[in-house]
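Read the structure below first, then the notes.
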Amino acid sequence: MSSIEPLSPELTQAFIQLIVKRTGIIIRENDQAVFKETITRRAKIIGSDSITAYYRLLATETYKSQQEWGSLTTAITNTESFFFRDKGQFNLLRNHIFPDLLKRKAQTKTIRICSAGCSTGEEPYSIAMLLYDLIPNIKDWDLTILGVDINSVALEKASKGLYRPWSFRGIDPEIQKRFFRQANNQYHISDDIKTMVSFQIGNLLDNSSLNPFCYFRDMDLILCRNVFIYFSDAAVKTALDKFHNALAPLGYLLVGHTELHSQNPDKFWVKMFEESITYQRPADTVIKPIASESLALPQQQLPQATVITEDRLQVLDDSLEDVSLQMQKTALNLLRQLPGDTRIAKFGNLTAAEIIQQYEQASKEID
């Protein structure tokens with residue numbers, strides 16, 4: 001077919017709503033021009049008579065529709081990734097989360113990890129390299145590291161374990177040297193690391209029996225970083241419920257720093273570290289205060305963790321003015337990792353952003 005009618009504003013919105021319902025992915029206004037081109041191109045490729053016919057195909061539940069959804073999601077998803085992305089969160093894994101898991105799992109020697117939205121595999125392979133260095137007798141352990149993504153093309157690249165130099169920006173050259181073999185300006189990941197990771201296609205909003213997120217259980221760690229920024233609020237809530245069900249008691253969820261700003265993660269314990277925030281499935285059904293030691297502040301300087309608003313998140317106490325300058329800096333760093341509109345009861349129901357502003361202003365006056 002040489003030509004096809006342009007998308008009307010009404011049909012464009014219909015496509016956007018269908019995609020949100022099916023995948024959770026939102027198409028922002030500044031992305032809609034490229035989105036329209038993508039829809040038109042896909043309609044031509046499969047030989048649709050019209051854009052309307054293409055929409056009807058996507059709206060049906062047929063084998064052909066399933067195949068086209070795979071191609072369309074590949075076209076609209078962002079596969080940007082690189083090894084050890086966000087050094088702060090990997091330091092958190094290295095210094096806090098994995099030591100805790102290794103201690104608790106010392107008897108069973110079994111750890112189950114899922115990288116949700118793993119793209120081309122850099123994140124789960126980074127986890128594998130980190131564990132390879134942390135566990136001296138790693139062959140004695142039963143480790144599951146599973147990368148899951150909706151983009152089948154990205155998963156195919158991940159399974160090959162073959163990367164361009166761009167995937168190594170910011171990485172320690174020694175890590176690249178130890179775990180990769182260079183050939184023709186590409187880097188092959190070592191078999192020791194490659195065999196530690198498996199990949200599977202999955203859609204967080206799919207409730208069918210074919211979706212891995214529907215039967216995952218007893219996961220010790222789920223990473224879903226830089227994924228929710230592309231999701232609608234409703235899709236994030238659905239994903240959080242699935243993650244909670246999939247985690248083992250005391251299992252961890254790690255997301256991007258501000259990706260839950262519009263959510264109420266009240267099913268989780270919220271634990272704050274200097275590097276980032278973690279969400280932990282409680283050991284039982286009761287939401288308990290977070291441990292004060294997770295604040296990385298001297299325990300004697302922190303009374304029982306205080307509750308912030310009805311969300312039952314736990315944060316800093318109201319005695320910051322009595323602690324050292326270094327402790328204040330640490331506390332402010334933790335506040336900056338909270339959503340700015342989070343209201344804290346112990347601070348007169350001020351938001352985190354307002355508290356930060358007050359402390360910064362006070363610091364300027366002192367200087």
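The values are calculated or read from the model by the stated rules, or taken from the named source; none is laboratory data. Being a predicted model, the structure only gives us computed values, none of them experimental. Cβ sites come from the backbone with ideal geometry, for glycine too, and all protein chains shown count toward neighbours. Ligands, DNA and RNA are excluded from the accessible area calculation, which covers all protein heavy atoms including side chains. Shrake-Rupley method; radii C 1.70, N 1.55, O 1.52, S 1.80 Å.
Restricting attention to region 39-67 and to residues that are touching a Leu at 6+ places or on another chain (Cβ under 9 Å) and open to solvent by 10 Å² or more (accessible area, probe 1.4 Å), the residue that is nearest to P6 (Cα to Cα) turns out to be T40.
Counting residues in region 210-217 that are touching a Leu at 6+ places or on another chain (Cβ under 8 Å), part of a strand (DSSP E or B) and either more than 24 Å from D100 (Cα to Cα) or not assigned by the TED database to the domain that holds Q263 (or both) gives zero. The residue pairs whose first member lies in region 17-45 and is at positive phi, whose second member is assigned to a helix (DSSP H, G or I), and whose beta carbons are closer than 7 Å, counting only pairs six or more residues apart or on different chains, are G24/A235.
One line per residue, one yes/no per condition, for (1) at pLDDT below 95; (2) of a type in the set (A, V, I, L, M); (3) within 24 Å of G117 (Cβ to Cβ):
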residue: P9; (1), (2), (3): yes, no, no
residue: I26; (1), (2), (3): yes, yes, yes
residue: T62; (1), (2), (3): yes, no, no
residue: G70; (1), (2), (3): yes, no, yes
residue: E80; (1), (2), (3): yes, no, yes
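Run down I150, I76, I135 and say which single residue is of a type in the set (A, V, I, L, M), in contact with a Ser or Thr (Cβ under 7 Å, 6 or more places away or on another chain) and free of Cβ contacts under 8 Å to residues at least 60 places away in the same chain. Before the answer, list the steps.
Working: I150 fails: free of Cβ contacts under 8 Å to residues at least 60 places away in the same chain; I135 fails: in contact with a Ser or Thr (Cβ under 7 Å, 6 or more places away or on another chain).
I76 is the lone residue from the list that is of a type in the set (A, V, I, L, M), in contact with a Ser or Thr (Cβ under 7 Å, 6 or more places away or on another chain) and free of Cβ contacts under 8 Å to residues at least 60 places away in the same chain.
Those residues that are at pLDDT below 90 and either out of contact with any Cys (no Cβ under 9 Å at 6 or more places or on another chain) or hydroxyl-bearing (S, T, Y) (or both), I need them from region 243-266; list them, please. Don't jump to the end; show me each part of the working.
Within region 243-266, the first condition is being at pLDDT below 90, and the residues that meet it are 256-266.
Passing the criteria: H257, T258, L260, H261, S262, Q263, N264, P265, D266.
Which residue, of L240, L250, L223, is among the hydrophobic types (A, V, I, L, M, F, W, C), surrounded by fewer than 21 Cβ atoms within 10 Å (Cβ to Cβ) and assigned by the TED database to the domain that holds D100? First the steps, then the outcome.
Values: L240 fails: surrounded by fewer than 21 Cβ atoms within 10 Å (Cβ to Cβ); L223 fails: surrounded by fewer than 21 Cβ atoms within 10 Å (Cβ to Cβ).
On inspection, the qualifying residue turns out to be L250.
Residues that are among the hydroxyl-bearing types (S, T, Y) and open to solvent by 60 Å² or more (accessible area, probe 1.4 Å) within region 160-197 comprise just one, T195.
Apart from one condition, W141 fits all of (1) surrounded by fewer than 19 Cβ atoms within 10 Å (Cβ to Cβ); (2) touching a strand residue (DSSP E or B) at 6+ places or on another chain (Cβ under 8 Å); (3) over 29 Å from S71 (Cα atoms); (4) in contact (Cβ under 8 Å) with a residue 60 or more places away in the chain; the exception is (4).
Of everything listed in (1) open to solvent by 30 Å² or more (accessible area, probe 1.4 Å); (2) under 26 Å from the mean Cα position of the chain (by Cα), the single unmet condition for K36 is (2). Considering only region 202-216, I want to know if a residue exists there that is among the aliphatic types (A, V, I, L, M), closer than 24 Å to I19 by Cβ, modelled with pLDDT under 85 and open to solvent by 10 Å² or more (accessible area, probe 1.4 Å). Yes, region 202-216 contains a residue that is among the aliphatic types (A, V, I, L, M), closer than 24 Å to I19 by Cβ, modelled with pLDDT under 85 and open to solvent by 10 Å² or more (accessible area, probe 1.4 Å).
Please work out if D192 is assigned to a helix (DSSP H, G or I) and farther than 30 Å from R28 by Cα.
Numbers: assigned to a helix (DSSP H, G or I): yes; farther than 30 Å from R28 by Cα: yes.
Here the answer is yes, as D192 does meet what is asked.
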